[in-house]
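Notes to accompany the following structure.
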Amino acid sequence: MWRMRSTLVRFVPAGSRKQSKWRNFEVFVHSFLRATDDAFAFTSSWTGFLESNAPSTMAAAAAAAPPARGTLREDLTCAICCDLFREPVMLACMHHFCKPCISRYWRGTQGPVSCPQCRKEFSSKHFQTNYLVTAMVEKVRATTSDSYIKNLEKQLKETLDSHRLKKEDFINAIRRDKDKMDTIKRVGADLQAHVKEEFRALHQILLNEEACSLEQLRREEEEELEKVRRHLEATELAVRELEDGIKALEQASAATENIVLAELPQLRPCVRENIAPEFDANAFRNKYMAPLQYITWRKMFKSLNPGPSPLTFDVDTAHPNIHVSRDKTAAVECDVEAPHTDSNKRFLQCVNILAAQSFQSGRHYWEVEVGSKPKWDLGVASEAVDRRARIKLSPESGYWTLRLRKGREYSAGTQPWTRLRLGSCPQRLGVFLDCEERRVSFYNADDMSLLYSFAGGPRGKAFPFFSPCISDRSQRAPPIKLLHYPPVALSG
Ligand SMILES: [Zn+2]
Ligand SMILES: [Zn+2]
C-alpha cells in the first residue's frame with residue numbers, strides 16, 4: 001500500500017493545481033484499499049489511469065513497470081455480477097458494488113441488510129454513490145479497449161525509438177568529445193616534446209659555448225703557467241749550477257791552506273740570467289670579465305635553427321618600377337623605371353620582388369622592416385607564380401601573404417581577404433616558413449606575437465616575396481628593408 005502511495009505522489013507535479021485532487025484521490029484509495037479484505041495489488045495497472053492525468057510521465061511509468069492488465073479491472077469488479085462496476089456505490093463498510101446489483105441483492109429484505117462481501121449488518125439500505133470509482137471504471141473500460149492499447153503501444157514504440165535515437169546522438173557526441181580530448185592531449189604532448197627539444201638545443205648551444213670558453217681559458221691559463229714554469233725550472237737549474245760552482249770554489253779555497261794552489265778549479269760557465277716572463281693579470285682578467293652573456297648571445301645567432309636569415313633582394317625579379325639599394329637590402333617603388341635587363345624572372349604587371357634566396361626544405365625565418373609604410377604585401381611565393389599576369393594574391397595562385405592598406409587595414413591574403421585586428425601597427429614583420437609542415441606564419445617582430453598562420457603552405461621551391469605597392473605620390477615612398485641581425489656576425 002505505501003509503495004503504491006509513493007508511486008502516486010511521484011506522478012503528481014508538486015504544487016500543481018491537480019495536487020489537491022490527487023491528494024483526495026489518494027485518501028480515497030487508501031481507505032478503499034483498507035476496506036477490502038484481499039491484498040490490493042496496486043501496481044502498474046494504474047498506468048492507464050494515470051496517463052491522462054500525468055501524460056508526460058506516462059512513458060516513464062510504462063517503462064518502469066510493464067503493464068499487468070487485469071488487476072485493476074479485477075479490483076473494480078463487482079463481487080455480485082463479476083463485471084466492472086456499473087453505477088458503483090459504497091456501503092458504510094466501504095465495500096463497493098454496482099447500484100443495480102446491491103439493490104437487487106437487498107430487494108425484498110425488510111429491516112437490517114448486510115454487506116454481501118463482509119457480512120457487516122446495517123440498519124437501513126443505505127449506500128453512497130462514488131463518482132470517483134465511477135470515473136475509474138470508465139477509465140479502465142476505455143483503456144482496456146483494443147484501439148486504446150494499440151494506440152498506446154504505438155506511442156510507446158515511437159517514444160522508445162525517439163529515445164533510442166536521442167541516446168545514439170548523445171553517445172556519438174560523447175565519442176566526438178572524447179576524440180577531441182584525445183587529439184588535444186596528443187597535440188599537447190607533441191608540442192611539449194617540440195618545446196623541450198627546442199630548449200634542449202638552446203641549452204646545448206650554451207653548454208657548447210660554455211665548454212668552449214672554459215677550454216680557451218684553461219689553455220690560456222696553461223700557456224701562462226708554462227711560461228713561468230719554464231722560467232722557474234731554468235732559474236732553479238742556474239741555482240743548482242751556482243751551488244756546484246760555489247762548492248768547488250770552497251774546496252779549492254780550503255786546499256790553498258795546505259798546498260800551493262796551482263790553478264783555479266775548472267768551473268762551468270755561469271748560467272745566463274733568464275728574463276722572467278711578464279704576466280699581466282689585468283689583461284688576462286679583462287678578456288673574461290667582458291659582457292660575456294651578450295657576447296655569447298650574439299654568437300648564438302649563428303647556431304639558432306632557424307635564426308634570422310640574412311636575405312637580399314633579387315634585382316632580376318624586381319618590377320621595373322622597383323629600385324633596389326646597392327647592398328640589395330632595401331627596395332622602393334618609384335615613378336621612374338630603374339635600369340633593368342630582360343629576365344623571365346621579372347614581375348612585369350605587379351610591383352613585386354623576390355628574395356635571391358629560396359627554400360624547399362627545413363625551417364626558415366626572416367625579418368622585414370616596413371616602418372610606417374601605409375601599404376605593403378609580403379610573405380612567400382611559389383617559384384612557379386605567373387610573373388607576367390596581374391594576379392590576386394592567394395594560396396591558390398601561389399602566394400601566402402600578409403598585407404596592409406590605408407596604414408591600418410591588415411589582412412591575410414586568403415580569398416576573400418581575412419581581416420586581422422591587430423593591437424598595434426608592427427614596424428617589423430617576421431615570416432616563418434616550415435617547408436616540411438607546409439606552414440607560413442607571420443609575426444609582429446617588435447614583440448614576436450603571432451599575427452596569422454597559413455596551413456597548407458607551398459610545395460617545392462618557394463621564395464620570400466615582397467611588394468612595396470604603388471605609393472602615394474604626395475609623399476616620399478619609404479622602402480621595404482630586409483633586416484640582418486645581428487648587424488655583424490661574430491666569429492669563433
Ligand atoms: Zn454488479
Ligand atoms: Zn462490506
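Worth a mention:
- Taking every Cα-Cα distance in segment 172-300 and sorting them into 10 Å bins starting at zero, the pair-distance distribution P(r) comes out as 9, 17, 14, 12, 11, 10, 8, 6, 4, 3, 2, 1, 0 percent.
- Computed packing ranks the peptides 210-220, 135-145 as 135-145, 210-220, most packed first, by mean other Cβ atoms within 10 Å.
- Of the residues 194, 288, 238, the one whose Cα sits farthest toward the positive end of the charge dipole of segment 172-300, with +1 on the Cβ of Lys and Arg and -1 on the Cβ of Asp and Glu, is 194.
- Debye equation applied to the C-alpha atoms of segment 107-235, log10 I(q)/I(0) at 0.13, 0.17 Å⁻¹: -0.93, -1.07
Only the coordinates and a few stated rules stand behind these numbers; no lab work does. It should be emphasised that the depicted structure is a prediction, and the values quoted were computed from it without experimental measurement. We place every Cβ from the backbone using ideal geometry, glycine too, and count neighbours over all the protein chains shown.
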